[in-house]
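Derivation of every value follows stated rules applied to the coordinates shown; laboratory data play no part. Small disclaimer: the values here were computed from a predicted structure and weren't measured. Counting neighbours? That spans all protein chains shown, and the Cβs are built from the backbone with ideal geometry, glycine included.
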There are 2 protein chains.
Amino acid sequence: MTDQADVDRALDAAERLFNARGVQGVGMDAIRDASGVPLKRLYREFPSKADLLHAVLEKRDLDVRSAITGFVDANAASGSPRDRVLAVFDYLAGWFAEPDFRGCMFLNTAGELGGTSQDVLTVGRRHKLALRDYLSELVDAAELPEALADQLLVLANGAMATAALNGTPEAAGQARAAAAVLIDAAVR
Amino acid sequence: MTDQADVDRALDAAERLFNARGVQGVGMDAIRDASGVPLKRLYREFPSKADLLHAVLEKRDLDVRSAITGFVDANAASGSPRDRVLAVFDYLAGWFAEPDFRGCMFLNTAGELGGTSQDVLTVGRRHKLALRDYLSELVDAAELPEALADQLLVLANGAMATAALNGTPEAAGQARAAAAVLIDAAVR
DNA sequence: AGTCGGCGAGAACGAGCGTTCTCAGCGTCT
DNA sequence: AGACGCTGAGAACGCTCGTTCTCGCCGACT
């Protein structure tokens, strides 16, 4: 039996620790201690630490994207297309205010390991591409030019990085205001 | 004698290696090997690795900011205030295209060590605050609302993070286009 | 000329890393 | 009942880390 519960606990612990101390600052022992999953099983499920990191990032990709789409659907389902775009930045504001928010894991791991691990870059790019595709959908629904999606992604990435550095969520509001201006300027 | 040349070589080597492998992925031995500065002198000048990192970041703060202001003065000294703001993003485009560009060192180190080192966060925040003050000057000169400076900083940070992840400089152009729209929308 | 203080090269240290191995125990099949 | 195979706990391995120590050497002062 693969014992999915143990695997999930390991992934959760690894995600938490990687975020808190940086990937290179976390040993497999620490992940075992935090998750209760023995080293032997960790290495059976994830042949190496790099594989574990990969799995954490893949899971995070799904989690982040479904959290965003879920928030937009829940809070702006009946709103205008413009409202739905801006709701993405409202989601960011809530996320940034979480007490242990440490920034976007894909940007952080790319910053730490991008020079030595091609895989970290690849997974990060896929994640941001998927995010851009989602923004593109929203932008299309508002009948706005496609190029806006790239600009909104830069804004969102900037908000994540800025909020993580500052330890405060205000960058989300600044990005939201900028996004509103970009949308309104594109409509005419 | 403090032998400033050795200290500078050590700082340069440390900056290069930290960027390439992440701070936690670089040993003091590697910095000694790359700089030719013996361990004994490294520890005389920088009592600990954290102190060395601090010194690297302080130097980088000055370097980055003077590169930006230098570029703006050289390329848009006689331009309109609007041109001078946009020149900042032109500088980013050139920077991102450098072959070993690995993103903003302050965002990267904050991502890696922000959870364990208050000092890394403090230095990073000071750097971004100084950048915001500079943008604020440019925005003031263009007689634009103060709040624009924060939005431009989010755009710049987003461009740095996005370009570093993608390995391509196109995010600079996207941020520049967005900045132009924000400026033009604010003027009316 | 002889002593001495600071130097560089590199060994050494204790700790922690990623990964593998040992081994006693336990459930499962015959 | 008894043999087997997989398990978890943890020791062990070889390496690297940040930091300190040893020691032979050289230049400066008396």
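Here is how the numbers come out for the structure above:
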| item | result |
| --- | --- |
| Residue mean of other protein chain beta carbons inside 10 Å, A:111-120 | 6 |
| Number of partner chain Cβ atoms within 10 Å, mean per residue of B:125-135 | 1 |
| Using θ = phi - 60° and Karplus 6.51 cos²θ - 1.76 cosθ + 1.60, couplings along segment A:95-100 (whole Hz; Gly, Pro as x) | 4, 4, 7, 4, x, 10 |
| Summed residue charge, Cβ within 10 Å of A:Phe106's Cβ, Lys/Arg positive, Asp/Glu negative | +3 |
| Whichever lysines have a C-alpha closer than 16 Å to that of A:Lys49, once near sequence neighbours (fewer than 8 apart) are set aside | A:Lys40, A:Lys59 |
| Karplus-derived 3J(HN,Hα), 6.51/-1.76/1.60, for each residue of segment B:58-63, Hz, glycine and proline x | 4, 5, 5, 3, 5, 4 |
| Ascending list, in nanometres, of distances separating the B:Ser78 label from those of the other copies (7 Å, Cα toward Cβ) | 6.1 |
| Tilt relative to chain A, helix A:4-21 - C-alpha long axis, 0 to 90 degrees, to 10 | 70 |
| Column: log10 I(q)/I(0), Debye, Cα scatterers of segment A:1-47, q = 0.14, 0.21, 0.31 Å⁻¹ | -0.28, -0.62, -1.20 |
| Closest approach to the axis - chain A beta-carbon, rotation onto B, Å | A:Gly158, 1 |
| Inter-copy label distances at B:Asp51 (7 Å, Cα→Cβ; nm, one decimal) | 4.4 |
| Within chain B, helix-based [θ] at 222 nm, where runs of 4 or more DSSP H residues each add -39,500 (n - 2.57), nearest 500 | -26000 deg cm²/dmol |
| Using a 7 Å Cα-to-Cβ projection, B:Asp133 label spacings across copies, nm, ascending | 4.5 |
| Summed residue charge, Cβ within 13 Å of B:Gln118's Cβ, Lys/Arg positive, Asp/Glu negative | +1 |
| Tail beyond 29 Å, pair distance distribution of the protein assembly as shown (Cα, percent) | 44 |
| Counted charge near A:Ala50, where neighbours are those whose Cβ lies closer than 14 Å (Asp, Glu -1; Lys, Arg +1) | -4 |
| Using θ = phi - 60° and Karplus 6.51 cos²θ - 1.76 cosθ + 1.60, couplings along segment B:39-52 (whole Hz; Gly, Pro as x) | 3, 4, 6, 3, 6, 6, 7, 10, x, 8, 4, 4, 5, 5 |
| Estimated translational D of segment A:54-187 in µm²/s (Stokes, Kirkwood radius over Cα pairs; 25 °C; 0.890 mPa s) | 162 |
